Each structure stands twice: as structure tokens, then as C-alpha cells.
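Down below is the structure, laid out as C-alpha cells.
The values are calculated or read from the model by the stated rules, or taken from the named source; none is laboratory data. Please read these numbers as outputs of a predicted model, since none were measured by experiment. Cβ placement follows ideal geometry from the backbone for every residue including glycine, while neighbour counts extend to all protein chains displayed. Each accessible area value is taken on the protein alone, full model and side chains, heavy atoms only, with ligands, DNA and RNA left out. Shrake-Rupley method; radii C 1.70, N 1.55, O 1.52, S 1.80 Å.
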Amino acid sequence: MSVQGPLPTLRNTVKTIQAMRDRGEKIAMLTAYDAITASLVETSGTDLILVGDSVGNTLLGYDTTVPVTLSDMIHHTRAVVRGTHKALVVMDLPFGTTTTSTRALNSSAKALQESGCQAVKLEGGTRVAKTVEKLVQAGIPVMGHIGLEPQSVNALGGYGKKGKTSDEAKALIQSAKDLQNAGAFSLVLELVIPEIAAEITETLKIPTIGIGSGNDCSGQVLVINDLIGLSVRPIPKFAKPRADVASTIRQAVQAYVQSVRRGES
Ligand code: KIV
């Protein structure tokens, strides 16, 4: 007897995410970089998990995301995939892996095959639209990322808000349209001024996922370490920590060290 019809899948797909946007349901995305955190994030209701190249500054001790490699990303994404079964897992394509369409295609194919993620994210607007088109044609779901592009921090000279001048706003809106036309299934808007993020969200048919871009996007994303207060560095102003895990760890470690000093096991 042959089994017919589509294979059952438990994971959210790009269609699930589009359907949420079409129903006007807000989409929740968080980053995760390891199996345990990913499992906690998923079982607490997150729709998508982003294995962001923010792993560079949150976990790996780099100052920026620039040093993060494709192998680093695949290593962390494999762990996230192992720790989850429901969330759609998106892997960031790190710095230098999307400089040509062919390079981006090879990097993305490797990402899907070796990490088990279901989609990739790449930074850039109109200038990467052709690359996005090529990936989508190859069957790779792509999340776009415009506004602040942290991989370009050395060229930008900082992490400021985007869309403040009318030229910048026009370019962002055009980029959003070009990425949608190229087949991106959703778009991260990072540090875009809220009025422009709202206009982009209104204009597009695909969901926008905002970070520091106001309340009117189709969904929101946050770096997990900023949400749970697990950082030894200042966190972005827009991130509202809802826990203080760094203090909890310090207290537990101090209590342990004191008990060891007292000669207790
Ligand atoms: O790398 C990352 O975590 C990201 C989010 C900030 C969207 O790109």
C-alpha cells in the first residue's frame, strides 16, 4: 500500500506565519542559540525562532556580528532544531556569505541541509533583491531584514534609527516592496522609525516583524538575552527585560563560592 498526500508536519511553516498575518494575529519571534533555551522559548508559545548572528555579541564575546561564520551559525542552529519541534526555525546568513547570489545560494543550501532550519534570513534591501529571488526560486524560504543592518556596522559607523530623512524613508519603502516582489516570506524591520514601519506594514502583503520599530508591525522579535536580562553589557533602549537572569546567576554562584570557602560541598 502506498501512502499518499502531503507528509504530516508539526512545525509552523511560512504559510502558518502568513495566515497569522492575514487574520491580524500578532506574530511572536525570539532568538535562541542552544537547544535548552530554544525548547523553553518554543514551549512558551513563540511562533518562530531566529538563530540570529547576534549569537556573536550575546554568547560568543564578540563586539559585533561581523566575526560570526557560517560554521558557527550551523553549529548553533543544529542545537536549536534539536531542541524544538513546533517553531519555524530561521537561520541568519552571516557576514560575507551573501556577497554574490551564487555564494548566498551555496550558503543557504548548506544551512538547510546541515542545520535542519526551515528558512534563512539575510540583511539588505533593494541591493539583495535579486539574490533573494534566486534563493526563493531554489525553494528556500527567505526572511528579509532592513532598517538597521548590524552586519554593516563598520560602514554605518553606529547603530542609529533608520528612516528619519525622507530619502531614507523612501529607500526603505522601496526596499520592502522589492524584497516582497522577490519572494521574501516576511521582513524584519530593525530600528525603523515607527511611522515608516507602520507604512511598510500597511503597504506589504507579507508580515513585517519589528524590533525597536514601534507597535504597528505584524509581529515583534527580540534577542532572548535582552528579554531575560542575561547580559553583562548594556542592552538596547527599546528592549524591556522581563527577568534578571544575570543577577540570579551571580547570586547562585556567590552562594556556591561562599559555601565552598566554608569547606562545604
Ligand atoms: O541577529 C539577530 O538577532 C537579529 C535580530 C535582532 C532581528 O537579526
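Could you tell me whether any residue of the range 120-136 is in contact with a strand residue (DSSP E or B) (Cβ under 6 Å, 6 or more places away or on another chain), in a strand (DSSP E or B), hydrophobic (A, V, I, L, M, F, W, C) and over 15 Å from Leu70 (Cβ atoms)? No, the range 120-136 contains no residue that is in contact with a strand residue (DSSP E or B) (Cβ under 6 Å, 6 or more places away or on another chain), in a strand (DSSP E or B), hydrophobic (A, V, I, L, M, F, W, C) and over 15 Å from Leu70 (Cβ atoms). Figure legend. Inter-residue proximity from the range 196-216: first residues closer than 13 Å to Ile27 by Cα and acidic (Asp, Glu), second residues away from the ligand (no atom under 15 Å from the Cβ) and not in a loop (DSSP other than H, G, I, E, B), beta-carbon distance below 6 Å, spacing 6+ or different chains. Indicated pairs: Asp216/Ala198; Asp216/Thr201. Taking the range 218-251 as the range and being within 12 Å of the ligand (Cβ to nearest atom) and closer than 23 Å to Asp22 by Cβ as the test, the residues that pass are Gly219, Gln220, Val221. Summed over the range 17-57, residues that are part of a helix (DSSP H, G or I), in contact (Cβ under 8 Å) with a residue 40 or more places away in the chain and closer than 18 Å to Thr201 by Cα total 4. Answer with yes or no whether Glu168 is more than 14 Å from the ligand (Cβ to nearest atom), of a type in the set (Asp, Glu) and free of Cβ contacts under 8 Å to residues at least 24 places away in the same chain. So Glu168 fits the description; yes.
Do we have any residue at all in the range 101-121 that's touching a residue at least 24 places away in the same chain (Cβ under 8 Å), within 16 Å of the ligand (Cβ to nearest atom) and surrounded by fewer than 21 Cβ atoms within 10 Å (Cβ to Cβ)? Checking the range 101-121: not a single residue is touching a residue at least 24 places away in the same chain (Cβ under 8 Å), within 16 Å of the ligand (Cβ to nearest atom) and surrounded by fewer than 21 Cβ atoms within 10 Å (Cβ to Cβ).
Checking Ala87, Ala119, Ala169, Ala111 one by one, the residue that is among the aliphatic types (A, V, I, L, M) and over 19 Å from the mean Cα position of the chain (by Cα) is Ala169 and no other. Out of curiosity, is Ile140 outside any helix (DSSP H, G or I), open to solvent by less than 20 Å² (accessible area, probe 1.4 Å) and more than 16 Å from the ligand (Cβ to nearest atom)? So Ile140 fits the description; yes. Under the condition of being in a loop (DSSP other than H, G, I, E, B) and open to solvent by 30 Å² or more (accessible area, probe 1.4 Å), which residue from the range 67-97 is nearest to the ligand (Cβ to nearest atom)? Ranking the qualifying residues of the range 67-97, first place goes to Phe95.
Answer yes if at least one residue in the range 38-56 is open to solvent by 60 Å² or more (accessible area, probe 1.4 Å), farther than 27 Å from Ser152 by Cβ, among the polar types (S, T, N, Q) and out of contact with any strand residue (DSSP E or B) (no Cβ under 7 Å at 6 or more places or on another chain), and no otherwise.
Taking the range 38-56 and keeping what is open to solvent by 60 Å² or more (accessible area, probe 1.4 Å), we get 40, 43-44.
With farther than 27 Å from Ser152 by Cβ added as a condition, the list becomes 40, 43-44.
Subsequent filtering for residues that are among the polar types (S, T, N, Q) retains 43-44.
Among the residues that remain, those that are also out of contact with any strand residue (DSSP E or B) (no Cβ under 7 Å at 6 or more places or on another chain) are: 43-44.
For the range 38-56, residues open to solvent by 60 Å² or more (accessible area, probe 1.4 Å), farther than 27 Å from Ser152 by Cβ, among the polar types (S, T, N, Q) and out of contact with any strand residue (DSSP E or B) (no Cβ under 7 Å at 6 or more places or on another chain): present.
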